[in-house]
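Taken together, the values in this text are just the output of simple stated rules run on the coordinates, not laboratory data. Owing to the predicted nature of the structure, the values given are computational and were not obtained by experimental measurement. Here Cβ is always computed from backbone atoms with ideal geometry, including for glycine, and neighbour counts include all displayed protein chains.
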Amino acid sequence: MEYTILGILLMILMLLYFRVANHFNIIDKPNERSSHTEITLRGGGIIFWFSALIYFLQHFQNNSFFFTGITLVSLVSFWDDIQSLSNKIRIGVHFLSITLIFYDLNLFTLIPIWTVLIAYILAIGLINAYNFMDGINGITGLYTLVVMGALLYVNTSIQLFTDGDFIKYAIIASLVFLFFNYRKKAKCFAGDVGSIAIAFWIIYLILKLILVTNSLIWLLFLAVYGVDAICTITHRLYLRQNIFEAHRLHLYQVLSNEYKIQHRLVSLYYALIQAGVSFLVIKLYNKIEDSILFLIVLLPLLLVYSSKFYLLSKNNLKVKA
């Protein structure tokens, strides 16, 4: 009953947000590098912050640092959705928010300082990678469902590391968001506020799990996004492009834009591949060396990503710097 009420409440909040977005003209206008072709409401991913708020109001004594952090990244991201901000401001707020959850998790006392520095780079990189990958209908919502579902299974059946409702609230928010986004003509897009907020939530959970189990393999719950984002950034650096500008070089963009595969189908492919990876990680946890498991997962994903270059070549596409 609790989850049904939450779903209804989030649905109402989303509908109220649509009225606000319409009134203040918070929209996403397509350009030549967009994967969509019609004007659509932006910022629907604010539903993730609302879900975090509702959870915090019930458990405020234990989640103040997390909630402050997700509020900061949501605020600056929503502002950026409305009016573009400097990358320095956004990265600065991300750094501050990550610092809050590092403090909450006692990371500064549990691991060496050089490891903390690596953790900062990884966390901020993953937040922005999640944002970069948010470009077609359904991809953020479906991928989030898979990641959160895997974390919930681990929390329930392998290692308790957090309150189960903390994960379930994110899952319910994803389902509500998908109701409006996973359509041929989406009612709304997540916007930076959505993709970055849910990425922050996921990173917090994965960090907690890593610290409890003393294993890094849980990072593979983000393997599909990670490989695509890192390889695409490397490709763009090779082409001497500004990695912060819009582009159409992600594999999902090539499949959607150049090969005209339906957006929702491409999103489903990404979610299913990550589901397969997560299943493999869970099954092989504590059965083989972590380094070997990383190789088993990452090498095939790199091979799949490299197919992008074959597709571009086959289609005689010219990629300009």
Item checked: Extended-chain gain in nm, criterion 0.36 nm per residue less alpha-carbon gap, Leu280 and Leu122 -> 54.6 nm
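Rank the residues Trp79, Trp114 as a footprinting-exposure proxy: fewest other Cβ atoms within 10 Å of their Cβ go first. Please report the intermediate quantities before stating the final value.
Details: Trp79 16, Trp114 8.
The order, fewest Cβ neighbours first, is Trp114, Trp79.
For Ile89 and Ser157 in the same chain, what is the full-extension length gain: residue separation times 0.36 nm, less their Cα-Cα distance, in nm? Could you put the intermediate results ahead of the total?
Working: separation 68, 0.36 × 68 = 24.48 nm, distance 4.05 nm.
Residue separation times 0.36 nm, minus the Cα-Cα distance, leaves 20.4 nm.
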Notebook entry, point to check: aspartates and glutamates near Lys184 by alpha-carbon distance under 18 Å, same-chain residues fewer than 8 away left out - which ones?
Noted result: Asp28, Glu38, Asp134, Glu258
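Between Leu15 and Ile27, 0.36 nm times their residue separation minus their Cα-Cα distance comes to what?
2.8 nm
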Check: In a GNM of the chain with a 10 Å cut-off on Cα contacts, which of Tyr169, Tyr182, Tyr238 has the highest mean-square fluctuation?
Finding: Tyr238
Check: Which residues' amide hydrogens lie under 5 Å from the amide hydrogen of Thr40, considering only partners 5 or more residues apart or on another chain, with H built in the peptide plane?
Finding: Asp28
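In the structure shown, do any of Lys185/Lys260; Lys208/Lys283; Lys168/Lys287 have a Cα-Cα gap over 22 Å, and if so which?
Values: Lys185/Lys260 15 Å; Lys208/Lys283 20 Å; Lys168/Lys287 28 Å.
Beyond 22 Å between Cα atoms: Lys168/Lys287.
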Check: Which value in nm describes the separation of the simple spin-label points at Lys287 and Phe309, placed 7 Å from the Cα toward the beta carbon?
Finding: 3.4 nm
Notebook entry, point to check: In what sequence do Ser215, Ser174 fall when counting other Cβ within 10 Å, fewest first?
Noted result: Ser215, Ser174
Notebook entry, point to check: Hey, rough spin-label estimate for Thr213 and Phe179, points 7 angstrom out along Cα→Cβ, what's it come to in nanometres?
Noted result: 3.2 nm
